[in-house]
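J.: Structure provided below as structure tokens; questions to follow.
The values are calculated or read from the model by the stated rules, or taken from the named source; none is laboratory data. Model, not experiment: these values are computed from the prediction. Glycine gets a Cβ as well: all are built from the backbone with ideal geometry, and neighbour counts include every protein chain shown. Areas reflect the complete protein model, heavy atoms only, side chains present, ligands, DNA and RNA absent. Shrake-Rupley method; radii C 1.70, N 1.55, O 1.52, S 1.80 Å.
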Amino acid sequence: ILNNDIDCGDPTSGNDTSIWNEGAGFAPIGDCWGTEFSGSFNGNGHVITDLFINRPTTDRQALFGCTTAGATIQKVGMINVQITGQRYAGGIVGILSGAGSTVSNSYVTGNITLVLGAEAGSGQYAGGIAAGLEAGATLVNSYSTAVVTTSYPDELYGEGRLVGYNYSSTVTNSFWDTQVSGEPFSAGGTGKTTSDM
């Protein structure tokens, strides 16, 4: 349970993630193939500000890299994230995977950038909340105003303002800002204007 807001850009507290790991920034919690996040994270209504990640040659960059069945992430705001990855990058999670794996009551603002994906279908999955949902995962009551950028700006598949791809999963009551993002695509959720948001 998160008991306080966290400023990840504050050099006076030691929390300036832009200088962590020789400039690579925050290391995502969990990854695929054996180290997936399987627990419960309750943001308790708090916010994480200015999270910085810069790993242009590494996949699944986000607060959480990859989850497995039963993982829950809820009630957290991610403000002004600055996340750069190779593929499968998201504001909260790279790949939300597994039955009962859930992100709920959460939001993301900022910028998410992929450096791979110069051709359509090249795996340039990214999303404001999650790059992808798989195997019975659920996204509910959440939104993104993040700008998601890849190397192939005209592709309307994989570059999602809320979710990049969706395999057998559910998105409910979740939204993205079409004006801020300038992008019509998401693999789930509803796009709205800034005023509607």
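J.: What Cys residues in the chain have no fellow cysteine's beta-carbon under 4.7 angstrom?
T.: Cys with no partner Cβ under 4.7 Å: CYS8.
J.: Of the candidates THR172, THR17, THR113, which one comes out as most mobile in a Gaussian network treatment of the chain with C-alpha springs shorter than 10 Å?
T.: Largest GNM mean-square fluctuation: THR172.
J.: Same structure, new question: Where does the charge balance sit around CYS66 when Lys and Arg score +1, Asp and Glu -1, over other residues with C-beta under 9 Å from its C-beta?
T.: -1
J.: Per DSSP H run of n ≥ 4, the term is -39500 (n - 2.57); total these for the chain, divide by its residue number, and report the mean residue ellipticity at 222 nm rounded to 500 deg cm²/dmol.
T.: That comes out to -500 deg cm²/dmol.
J.: Run the dipole for the stretch 1-137 about the Cα centre, Lys and Arg Cβ at +1, Asp and Glu Cβ at -1, nothing else charged, and hand back the magnitude in debye, nearest 20.
T.: Roughly 280 debye, rounded to the nearest 20.
J.: Leaving out ligands, DNA and RNA, what percent of the accessible area of the chain is carbon and sulfur, probe 1.4 Å? The partial results should precede the final answer.
T.: Details: 4080 of 8110 Å².
Carbon and sulfur atoms account for 50 percent of the accessible area of the chain.
J.: Residue by residue through the stretch 54-70, which ³J(HN,Hα) values in whole Hz follow from phi under the Karplus form 6.51 cos²θ - 1.76 cosθ + 1.60 (θ = phi - 60°), with glycine and proline marked x?
T.: Here the 3J(HN,Hα) series is 9, 10, x, 10, 10, 7, 6, 9, 5, 4, 10, x, 7, 10, 10, 3, x Hz.
J.: Additional query: Hey, what's the chain come to in accessible area per residue, 1.4 Å probe, Å²?
T.: The answer is 41 Å² per residue.
J.: Mean separation of Cα pairs under 8 Å and 6+ residues apart, divided by the residue count of the chain: what relative contact order is that in percent?
T.: 15 percent
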